[in-house]
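The values are calculated or read from the model by the stated rules, or taken from the named source; none is laboratory data. It should be emphasised that the depicted structure is a prediction, and the values quoted were computed from it without experimental measurement. Note that we place each Cβ from the backbone using ideal geometry, even for glycine, and neighbour counts take in every protein chain shown. These area figures cover heavy atoms from the full protein model, side chains too; ligands, DNA and RNA do not enter into them. Shrake-Rupley method; radii C 1.70, N 1.55, O 1.52, S 1.80 Å.
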Amino acid sequence: MKSITLELTYPSGAVYRLGQPISVSVVRSLESPAQSLSASFPIIKGLLPDIGVGARLLRGGAEIFSGFCDQQVTREDEKGRTFTIQARSRGGLLLDNEALPRTYYNVTTREIFRQHLAPYGFSRLSVPRDHKAGIFAVSKGLCEWEVFCAFCMRAYGRYPIIARGDRVAVEERSSAVAAKVTNRPGEAGLRYLRVEDTLRRASVISEMILRDRQGNYSRKLQNPFGNPWQVRRRRFVIPAAEYATVPLADGYQQFLTAQRGVHVAEAVLPGWADLWPGDCVEMDTGGIGRQGAMTLWRCRWDQSAQGEYTTLTLTSRAYS
């Protein structure tokens, strides 16, 4: 295993370095704009770290995480003294900051980006086109990321992601295969220790009924992705304020979120796999079948005394 170093930046700008962690994990996910870090280290007497602001994790000298400290915990028990830090990448700022409630008129995607994401250090945006909405309401209680997500769902029918290099992308996922997971003899690819394939019928929503402006539940929607498994699972929906002028978009995004849970695969790989949420990963697992191309939904890397592993969670490309 490669050496691990945590660089903790103090408010003064000074950097404190920690090595040889007891355990460390980094999680990247399409569910959140923020990557997360959790790392525990033994405390050497007299060398307790001070409150940190920034956190940077290096694996073999290469950066694999950079962000801001959320929490530091020191502990003493029969096993000794430990220091544990939890941190999130810059995307955490978009979750922690509430958006100003207001109503936009004739607003574009790039304007929403400048108002809600750019103030937190994001400067790169990739969109199919610069969509304009006649009216867009930001209701009380939404964080900055939720506002941008709602606008993108209305405009493009998909959620944005934070891609490599803090690039905000609202585009169709690439079909180019980033990696292949297989243990087949003679085939190149990422080897796995364990794979699991789950089909979840209970995730499907078959029908939604939307409430109209008069307070009546009058608009019935059937699952736009079909219902081949003959599921009966109904929801009554009050469209959120940001979808007031396009209530069908709210229904669609709820159908889409539910469909993502229909087919999920998980693979545990030895070592480090530098993959990114949204990557196209081909699964060919032999004993439980060839799943084909799937979207990487979540990537978790762990290192401890038990070894070094990367866990991939994948979903159907049709719903991601």
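Taking 7 Å along the Cα-to-C-beta vector as the label spot, tell me the Ser126-Trp276 distance in nanometres, rounded to one decimal.
Rounded to a tenth, the inter-label distance reads 0.7 nm.
Take every Cα pair under 8 Å in the chain that's 6+ residues apart, average their separations, divide by the length, and report that relative contact order as a whole percent.
Contact order relative to length: 16 percent.
Could you sort 292-299, 149-156 so that the peptide with the highest average Cβ count within 10 Å comes first and the rest follow in order?
Packing proxy ranking, top to bottom: 149-156, 292-299.
How big is D, in µm² s⁻¹, for the stretch 225-289 by Stokes-Einstein at 4 °C and 1.567 mPa s if Rh is the Kirkwood radius over C-alpha pairs?
Reported coefficient: 82 µm²/s.
Tell me which lysines have Cα within less than 28 Å of Lys2's Cα, excluding those fewer than 8 residues away on the same chain?
Output for Lys2: Lys45, Lys79, Lys180.
Using a 1.4 Å probe on the protein heavy atoms only, what accessible surface does Asp274 show? Give it in Å² to the nearest 10.
Asp274 exposes around 80 Å² with every protein chain in place.
Could you work out the equivalent-ellipsoid semi-axes for the stretch 208-320, taking the square root of 5 times each eigenvalue of the Cα gyration tensor, largest first, in whole Å?
Ellipsoid half-lengths, sorted descending, are 37, 17, 11 Å.
Sort Val24, Val246 by heavy-atom solvent-accessible area, probe 1.4 angstrom, most to least.
The most accessible residue leads, giving Val246, Val24.
How much accessible surface does Leu100 have with a 1.4 Å probe, in Å² rounded to 10?
Probe radius 1.4 Å; accessible area of Leu100 about 120 Å².
Enter the accessible area per residue of the chain (Å², integer; probe 1.4 Å; all protein chains in place).
Accessible area per residue, the chain: 51 Å².
For the stretch 1-75, place one equal point scatterer on every Cα, skip the solvent, and apply the Debye formula. What is log10 of I(q)/I(0) at q = 0.22, 0.23, 0.25 Å⁻¹?
-1.09, -1.18, -1.36
Looking only at Asp130, Asp284, Asp250, which one moves most when the chain is put into a Gaussian network model with springs between Cα atoms under 10 Å?
Its mean-square fluctuation being the largest, the pick is Asp130.
Nearest 10 degrees is fine. How inclined is helix 247-259 to the longest principal axis of the chain, computing both from alpha carbons?
Roughly 50 degrees between the two axes.
Please state, as a whole number in µm²/s, the translational diffusion coefficient that the Stokes-Einstein equation yields for the stretch 66-154 at 20 °C and 1.002 mPa s, with Rh defined as the Kirkwood radius across alpha carbon pairs.
141
Which length gain, in nm to one decimal place, applies between Asp284 and Ser174 when the Cα-Cα distance is subtracted from 0.36 nm times their residue separation?
Length gained, Asp284 through Ser174: 37.7 nm.
Dividing the Cα convex hull volume of the stretch 133-213 by residue count, how many Å³ per residue is that?
219
Could you state the principal axis extents of the C-alpha atoms in the chain, from the largest down, to the nearest angstrom?
Taking max minus min along each principal axis of the Cα atoms, the chain gives 67, 53, 39 Å.
Round to the nearest 0.05 the FRET efficiency obtained for Thr257 and Gln71 when R0 = 41 Å and r is the Cβ-Cβ distance.
The calculated FRET efficiency here is 0.90.
Considering the Cα positions of the stretch 76-126, please state its Rg to one decimal place and its Dmax as a whole number of Å.
18.7, 63
Stretched out fully, how many nm does the piece from Glu111 to Thr84 gain, at 0.36 nm a residue minus the Cα gap?
Using 0.36 nm per residue and subtracting the Cα-Cα distance, I get 5.8 nm.
State the percentage of accessible surface on the chain attributable to carbon and sulfur atoms; use a 1.4 Å probe and exclude ligands, DNA and RNA.
Taking all protein chains in place, the chain shows 48 percent carbon and sulfur surface.
Cut-off under 26 Å on the C-alpha distance; same-chain residues fewer than 8 positions from Lys132 excluded. Which lysines are left, in chain and number order?
List returned: Lys140.
On a 0 to 90° scale, report how tilted helix 144-156 is relative to the longest principal axis of the chain, with both axes built from alpha carbons and the result rounded to the nearest 10.
With both axes taken from Cα atoms, the answer is about 50 degrees.
Please name whichever of Trp145, Cys299, Trp272 sits farthest to the positive end of the charge dipole of the chain, dipole taken about the Cα centre and charges placed at Cβ: Lys and Arg +1, Asp and Glu -1.
Farthest along the dipole direction, towards plus: Trp145.
Which of the three applies to the stretch 160-255, rounded, prolate or oblate, going by the alpha-carbon gyration tensor with a ≥ b ≥ c and a/c under 1.5 meaning rounded?
It is oblate, given that a/c is not under 1.5 and a/b is not larger than b/c.
At a threshold of 8 angstrom on Cα-Cα distance, excluding pairs fewer than six apart, so keeping six or more, what relative contact order does the stretch 239-308 reach in percent?
Reported as a whole number, the value is 22 percent.
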